[in-house]
Amino acid sequence: MIIDEKQRSAPSKRASMEEYLSPSVRAIKPSGIRRFFDLASGRKDIITLGVGEPDFVTPWHVREACVYALEMGKTQYTSNAGTPELREEIAYYLHNQFSVAYDPAKEVLVTVGGSEAIDLALRALIAPGDEILVPEPCYISYSPITSLSGGVPVGVETFAKDDFKLTAESLRAAITPKSKVLILCYPSNPTGGIMTAEDWLPIAKVVEEHDLIVISDEIYAELTYGTKHVSFAAMPGMKDRTILVSGFSKSFAMTGWRIGYACGHPELIAAMLKIHQYTVMCASNMAQVAALEALRNGMEEKNRMVESYNQRRRLVVKGFREIGLACHEPQGAFYAFPSIAGLGLTSEEFATGLLNEQKVAAVPGDVFGLGGEGHLRCSYATSVSQLTEAIERMGLYVRKLKGD
């Protein structure tokens, strides 16, 4: 029998479509938050304490600025880095609010949300095998993005006894010769923890000693209670080592607009801009108009939202403690992170039971990495009446587990 040469060299067909996928993509788990809330989707009478999104609508004058821009035909591309006006306003805002000075022409990049800024920073910095230090519990995207970029995420555990602050001792213990980048997220998602200038100083010393670059995710910077946010980039000698990431989603109730920014050393921002040019071109023109209006004229509404979150923060912490759940007092963001340790269930078991029996949706803490097990993330960015009802239902569930 004569076999055609093309038949001889033809590869065997893959058994499934999944085998066509990149191994790094196959290895990534779906979002623990979204996976859990798929269970709640479409169910009636569910009180949701899960998604990290303000319950406020974007202020009217911000929406109106966008509508007017559309009426004037502002539908074209902008500069890849963002409009000069918005970059200038971002630089002014950061200098005025957090004492960090950036050149808007070379050190500010407007992105499609803070998430794109984090992705760009990691892709610009990581070489295969680089270790990326991630204080945990933390926002769930850092480790998957690191892995997709060829890096190795290394968790650095933080603890409730330390108010979930990163300590120099824990950071030093995690550093190896392969360590390259430290990701920071303060105020913290999911714990609500913050870092003061006194907390930052020993961290800055470690960063300098070990020649690290820092990605500082400060998306919740405006949401602090009783103390003002301190940017890591404002620490002595840290500005050039830090890529400051932020945006408009949380503080100005603009999650769906997908508008954020990154600021840093000109060479780092230029590298991020190259990737940005080839992937998304530029952030939405209309969203940039809205962001500019928010920065120029949105502080009064922002302050009202912060005061409302503060009221709810006090309510939920008091409520959790009254039903028997120990709860670190969050000083930033809009999350509480009560402990369910000692109730005989894992975080996922507790959250699933709470959803099924009491129709309250919260995120199991284990999805946020080291130190998350034994906790729930509960967003208090919802109405006081909903929060009050949710705590009452949680109290019933806790008493049942305790046999009271």
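The values are calculated or read from the model by the stated rules, or taken from the named source; none is laboratory data. These numbers come from a predicted model, not from an experiment. Methodologically, a virtual Cβ is constructed for each residue, glycine included, from the backbone with ideal geometry; neighbour enumeration extends over all protein chains shown. Just so you know, the surface numbers come from the protein's heavy atoms only, side chains and all, with ligands and any DNA or RNA stripped out. Shrake-Rupley method; radii C 1.70, N 1.55, O 1.52, S 1.80 Å.
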### Query
Could the peptides 72-79, 325-332 be put in order, highest first, of the mean number of other beta-carbon atoms found within 10 Å of their residues?
325-332, 72-79
### Query
If amide H atoms are built 1.01 Å from N in the plane of the peptide, which residues on other chains or at least 5 residues away come under 5 Å of the amide H of LEU182?
LEU133, ILE213, VAL214, ILE215
#### Entry: Anchor LYS13: lysines whose Cα lies under 29 Å away (excluding residues fewer than 8 positions away in-chain)
LYS29
### Query
Ordered by packing density, taken as the mean number of other Cβ atoms within 10 Å over each peptide's residues, highest first, how do 343-351, 108-116, 277-285 rank?
108-116, 343-351, 277-285
#### Entry: Reference-scaled alpha-carbon Rg (2.2 N^0.38 Å with N residues) for region 249-294
1.28
### Message
What Kirkwood Rh does region 125-262 have if only Cα atoms enter the pairwise 1/r average? Answer in Å.
### Response
15.2
### Computed [θ] at 222 nm, deg cm²/dmol, the chain (DSSP H ≥ 4; -39,500 (n - 2.57); rounded to nearest 500)
-13000 deg cm²/dmol
### Query
Three principal axis extents, largest first, for the C-alpha atoms of region 33-128, in Å?
50, 47, 30
### Task
Kindly rank 200-206, 361-367 from highest to lowest mean number of other beta carbons found within 10 Å of each residue.
361-367, 200-206
### Query
For the chain, what relative contact order do you get, as a whole percent, if you take Cα pairs closer than 8 Å and at least 6 residues apart?
23
## Note on the structure
Rounded to the nearest 0.05, FRET efficiency between ASP38 and MET17 (Cβ-Cβ, R0 25 Å) equals 0.70
### Query
What part of the accessible area of the chain, given as a whole %, is carbon or sulfur when the probe is 1.4 angstrom?
53
### Message
One quarter of the convex hull surface, Cα atoms only: what value does that give for region 78-182 in nm²?
### Response
8.2
### Proximal charge balance of VAL360 [Cβ under 12 Å; K/R count +1, D/E count -1]
-1
#### Entry: Percentage relative contact order, region 79-237, counting C-alpha pairs under 8 Å, at least six apart
21
#### Entry: Cα-Cα pairs of the chain separated by more than 34 Å (percent)
33
### Summary
Summing +1 per Lys or Arg and -1 per Asp or Glu among the other residues with Cβ less than 12 Å from CYS138's Cβ gives -2
## Note on the structure
Computed over region 350-404, the convex hull of the Cα set has an average projected area, in nm², of 4.0
#### Entry: Quotient of C-alpha Rg and 2.2 N^0.38 Å, computed over region 203-282
1.23
## Note on the structure
In this structure, the FRET efficiency calculated for LYS205 and TYR92 from their beta-carbon separation, with R0 = 35 Å, to the nearest 0.05, is 0.70
